[in-house]
1. Given the criteria more than 29 Å from residue 354 (Cβ to Cβ), at pLDDT 90 or above and either surrounded by 19 or more Cβ atoms within 10 Å (Cβ to Cβ) or touching a Ser or Thr at 6+ places or on another chain (Cβ under 8 Å) (or both), does residue 262 qualify?
2. Name the single residue that is surrounded by the most Cβ atoms within 10 Å (Cβ to Cβ) among those in the stretch 329-345 being more than 17 Å from the chain's Cα centre (by Cα) and among the polar types (S, T, N, Q).
3. Identify, by number, the condition in (1) in contact with a helix residue (DSSP H, G or I) (Cβ under 7 Å, 6 or more places away or on another chain); (2) surrounded by fewer than 22 Cβ atoms within 10 Å (Cβ to Cβ) that residue 326 doesn't meet.
4. Of all the helices (runs of 4 or more DSSP H) wholly in the stretch 310-400, which have at least 2 residues that are at pLDDT below 95, in the same structural domain as residue 227 (by TED's automatic domain parsing) and not hydrophobic (A, V, I, L, M, F, W, C)?
5. So is residue 95 touching a Ser or Thr at 6+ places or on another chain (Cβ under 8 Å), modelled with pLDDT of 55 or more and among the polar types (S, T, N, Q) or not?
6. When the residues of the stretch 200-212 are narrowed to those that are in contact (Cβ under 8 Å) with a residue 24 or more places away in the chain and part of a loop (DSSP other than H, G, I, E, B), which ends up surrounded by the fewest Cβ atoms within 10 Å (Cβ to Cβ)?
7. Does the stretch 185-199 contain any residue that is without any contact (Cβ under 8 Å) to a residue 40 or more places away in the chain, in the same structural domain as residue 91 (by TED's automatic domain parsing), in a helix (DSSP H, G or I) and within 30 Å of residue 250 (Cα to Cα)?
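The values are calculated or read from the model by the stated rules, or taken from the named source; none is laboratory data. Just so you know, these numbers come straight off a predicted model, no measurement behind them. A quick note on method: Cβ atoms are made from the backbone with ideal geometry, for glycine too, and the neighbour counts reach across all protein chains shown.
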Amino acid sequence: MRTRLTEAIAAYSAGNALLSISSWVLDLGHCGISSSRRASRFPRAGRRLLRESTNLLRDRPSLSGNTDHTLGPFRLSAAGTVAVLLSLAAGLLTTALISAVIATRHTGVVGPSALLSAIPGWRTWRFIVHAAAYALPVLVCSLMIERWFPIVSAQSISRGFCFDALWFIGEQARLLTWIPLSLAMLLWVKRLLVGDYELFAPAVMPRALLWVIGILVGDFLAYLSHIARHRFDWLWNFHAVHHSQRELNFFTQHRFHDVDTLANLMLTILPLVLISPSVLEVGIYNTIALIHFRLYHCPIRSNYGALRYILVTPQSHRIHHASAPRLQKSNFGIFFSIWDHIFGTQYSSYGDFPDQLGLLDRRFPVEQDASLGQFAGVYAAQLIYPFLVILGWTGAPGPSREPPHCPGLGEHCAWHAR
């Protein structure tokens, strides 16, 4: 046994030396790819000895000299941060060029250019001015309401607020590049699949009724999309970026990974276009809805009174952002809370304001563990981390997958529907 243990420790030390060298050569980051990924480069016998040595040391913590095996937050090196941000910039620039080519060379053609040419404020400078002018008064009002109805006394501008402002700026860049192109492509796919078919033709019903149907159907699709992005691990890994915020704030509404945004667009917009709402109607609804979304992400102590049975509130959405998985898997409503009440995913208490928000995954890179000068690195790490989780390269199992809180319905709630 002593000989076997000695060989195992020797293999463990040699493996650590090789892993350190490979990490330095590849420059993958301070806590980058896990040992299991790097060990895959060793021969099978070497991997077996390394695994055996790790198990032996886990059983005998005194041999390791460190009884704390907890992994810290994932971090990228400076080179890794630059690589991720340059890749993002290249992707945004590429989609912007594609959008510009479609809009200029194929004007009048039904398809992507039809939507691109219809988007108000398409010119970059006008779009930025409009976005800033629209967000500023809502931000001022939300800060005032936070002062009047604070969740904790002496609330101030948090680190999360400053970091999510970066996500807001990033979203504006996405709204100028790949998001309108994706919307246009979805309209093109709809035209390709079903032609001019419309589930509710505008000619056979009043326009006001079509608006109501479009808003309700769109919100229900967003509710189902939200459940799907929690239900399926490969979607949750990207949606978890939104849930990683420990300090909900005005700009948290804009903290969404690109893949999560694209998945939501595909799950909601493609079915919605069968109703054929106009770009103007969608724009008006989104303008009103965005005010609502930003407010219920703010740290405001309010459940809106009787309106809580109709609308999503700061209290109900804070429950959804709690770190406890049981709470995260309730209150899936986006604009209206009626779907949560109908399908049994509404959390029963309207007076709870949980303090612990964010994820249980302590490997997830969050800004609360970083200085202001490290924000760019954390932002890049949040973009790349979901891919590493899917590939199993983070050394952590990721958030637990518990069933949602469905009072009264149990396995019959929307979450458990297969």
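1. yes
2. Step one: list which residues in the stretch 329-345 are more than 17 Å from the chain's Cα centre (by Cα), which gives 335-345.
In the following step, the residues that additionally are among the polar types (S, T, N, Q) were identified as 337, 345.
Details: 337: 24, 345: 26.
Top of the filtered list is 345.
3. If we test residue 326 against (1) in contact with a helix residue (DSSP H, G or I) (Cβ under 7 Å, 6 or more places away or on another chain); (2) surrounded by fewer than 22 Cβ atoms within 10 Å (Cβ to Cβ), just (1) comes out false.
4. Output list reads 325-328.
5. Judged against the criteria, residue 95 is a match.
6. So the residue we want is 201.
7. no
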